[in-house]
Structures are given as structure tokens and as C-alpha cells.
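The structure under discussion appears below in the form of C-alpha cells.
The values are calculated or read from the model by the stated rules, or taken from the named source; none is laboratory data. These figures come from a predicted structure and were not determined experimentally. Please note: Cβ atoms are built from the backbone with ideal geometry, for glycine as well, and neighbour counts cover all protein chains shown. Areas reflect the complete protein model, heavy atoms only, side chains present, ligands, DNA and RNA absent. Shrake-Rupley method; radii C 1.70, N 1.55, O 1.52, S 1.80 Å.
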Amino acid sequence: MDTVTINGRRIGEGERCFITFEAGPTHDGFDTALKLVEYAAAAGADAVKFQIVDPGRLCSDKGQMFEYQTVDCAGVVSTVREPIHDILCRRCMPRDQWRTLKARCDELGLIFFSTATFFDEVDFLEELGCQTLKICSGDVDFPQLIEYAARRGFCMQLDSGSATLAEVERAVDIVLATGNDKIIVHNCPSGYPARLESINLEFIRTLKRVFGFPVAFSDHTPGFEMDIAAVAMGANMIEKTITLDRTTPSVEHMFSLEPHEMARFVHTIREVEAAMQGRRRVMDDTFRHKALANRRSIVTARAVRAGEPVCDALLEYARPGYGLRPADRPRLDGAAFRRDLPAGALIRLSDLEWS
């Protein structure tokens, strides 16, 4: 399957890149989540993604440490270690607030979806009317969760960040075994931020070749460069993290887009897509006319009189290319000028006669 459909939007070959702004790790409650939704919609994104998670159930070891980098206003980068449980707690919201947030996305025409880590979270996303959800890379080897979500008809977004290709293949097979073939596979580089050597953009082509499903690039790098490259490599979907303030001292903020960058990011991706259109160069009449200005025509090397036979000594090749072209020279053999012409005149077939 080359394409999948989410809320009426086709994603895949021949379709425009589906742009998702990831707000899951960078909000700290309903107010900031709502602001990020508003910014994402105003920027022209197709979707916004969150992470519905229950840290108390997910983390049996509340002291398990996680390492990431932050940046301050002076550009100084620091490495931080804190319990993953504490990080995830910052992303928690009661379900009534999730319902309100989803309703606001609907009003704005912004597709809402989320990561799910437990069966009841899958049920909740189904209740919200979501047509897609994401399985994080940490759960790519959790067949029960993958099968449970796939059987409910979701478009399954499978993250490959910390997974081997074989593990992704097994996850895809689990989805397909349920009769669900709506799959998007993500190339998600590891690291917060990702190291250049871990980005592996060529893996986008590998995933497309191996699976034949739409492929997404989940970016964990600062700036736009890797996203532009991913689109050029054929990524059908881009997932980019957004933040209200890049200097927020928490995970994923330092490489996220701030509000003033979001619209420019979307516009840049659209420009890249426009520049990539077509496997052949197609020129309209206006473009062809402009191109001829730099081409050459056959012109008279000096003033000629009617009846003079055409010969190379009387011909020159000069711009613009609005007359007979240099390649037309053999057609002039045996011809004579029908009328007087000044030096430098464009020669046309109507200026010649053959006996």
C-alpha cells in the first residue's frame, strides 16, 4: 500500500508531505498544551501529536534515570539526568482536559493523535475519535499492545528509534495479521538531541523499499536541515517537536521549534516539495521564450543582396534564438536570399528561395 488515509488526508506516494508538530514532551499541562495547539494550527501544520501516558503504571522503578541536554539563553548546553518518571509526570493531564484539547483541534481543523502505552489509552483515543495512534519505539516489541490497537482499525504509526529492522518487521507482521494494512513506519534517530551519525537518512529509503508503506521522519535535531533532507529522500511525513521556549530546562525543548519558526518551517517544506515536482523538466511557452533569449540564431554576417547564394561566409551565429537555429544550417544548402537583408539580420525560411 503506497498511501494511507487519516481524517480524509491521504499520506504516501504522490501526496504532499504530512506535517505533524509534536507537543507531547514539551507541554507542562493544559494551558501550554492549548497554546501549542493554537500555534500549530496557525502555522499550517496538518496534525499535532501528544503522549497520553500514566507514569505510575509505566515506570516500576521510579528512580530510573534519563539523560538529555538543555540550552540556556546564552547558548550554553548542559547535560541533565533526572528520573524518567518525573519527566513523564510533567506530561500528564486528566482525561477531561484531553477531551477539551481534542475538541479544540477539531475546531481548528488540526488532526489530533497521540502515543498510547496501555490498552485503556487505546480505548480512550478511540473514544476521542482519533483515526491514528503511535506506538513508541520502546513498545515496538510489545505485541499485545500492537495487536490490540491494530484490531480497532487505527492507522498504526510504528516508531523504529531504538528498534532493529527485524523488530520493526515483526511489528508490521502483527498489524497485518489482524487484517489492518494502514501502517506508517517512522525513522526516528536516537538521542536528545540526535547525533548526526545516528540520523541515518538513507534508512528512509530502506524502510520504503522493505515495507512499501508510507515512511515518516521523526526529527530530534535542531533547525530545519535534516527535515529538508528527509523530504528530499522521500519521507511522506515529518514529525517535528515544538515548544513555547527552547530554553525550558526539560527534555526535547532545545531542538524544538519556537512559535516564530513554525510557519516558516511549514512554508519551507512546501517550497521543497514544489521544487521537487516532476521527474521531467516541463517548460511552458513563457519559459521557452525566455530560454531562447540565450540561444543562438543564424544571422547574416554582413549585408546581403537578393539573389546571393547562401554560403558559410555570409552566415554568423548570434543571440537571441528567435530565428533559424544553428542545427537548421543544413536546410539552407542550395538556397539564395530572396530579399536584401542588413548585417546581423535573423534569417528565416521566408527570406530564402530554392531554384
When the Cα centres of the stretch 173-248 and the stretch 318-333 are compared, how far apart do they sit, in Å? 52 Å
Label-point separation (nm) for residue 162 and residue 97, each offset 7 Å from Cα along Cα-to-Cβ? 2.6 nm
Just to confirm, what accessible area per residue do you get for the chain at 1.4 Å probe, in whole Å²? 48 Å²
DSSP-defined antiparallel bridges as percent of all bridges, the chain, nearest 5: 40 percent
Of the listed pairs 62/102; 208/240; 49/182; 102/208; 35/208; 134/182, those with alpha carbons more than 23 Å apart are 62/102; 102/208; 35/208
Computed [θ] at 222 nm, helices only, for the chain once each DSSP H run of length n ≥ 4 contributes -39500 (n - 2.57): -9500 deg cm²/dmol
Run the simple label-point estimate for residue 9 and residue 264 please: 7 Å along Cα→C-beta, distance reported in nm. 2.3 nm
Does anything in the stretch 216-247 have its amide N under 20 Å from the 7 Å Cα→Cβ label point of residue 202, and if so which residues? 216-218, 226-236
Highest GNM mean-square fluctuation among 150, 274, 171, for the chain with Cα springs under 10 Å, belongs to 274
Put a dot 7 Å past each Cα toward the Cβ at residue 301 and residue 338; how far apart are the dots in nm? 2.4 nm
What is the projected area of the convex hull of the Cα atoms of the stretch 129-231, averaged over all directions, in nm²? 6.6 nm²
Which percent, nearest 5, of DSSP beta bridges in the stretch 1-128 are antiparallel? 55 percent
Of 231, 53, 77, the one that fluctuates the most in a GNM where the chain has Cα springs shorter than 10 Å: 77
So which helices of the chain fit the span-like rule, where a helix is a whole DSSP H run, its Cα atoms reach 15 Å or more along the axis, and its mean Kyte-Doolittle is at least 0.5? 30-43, 165-177
Cα-based Rg and Dmax for the chain, in Å, come out at 30.0, 101
Which residue fluctuates most in the GNM of the chain (Cα springs below 10 Å): 72, 141, 340? 340
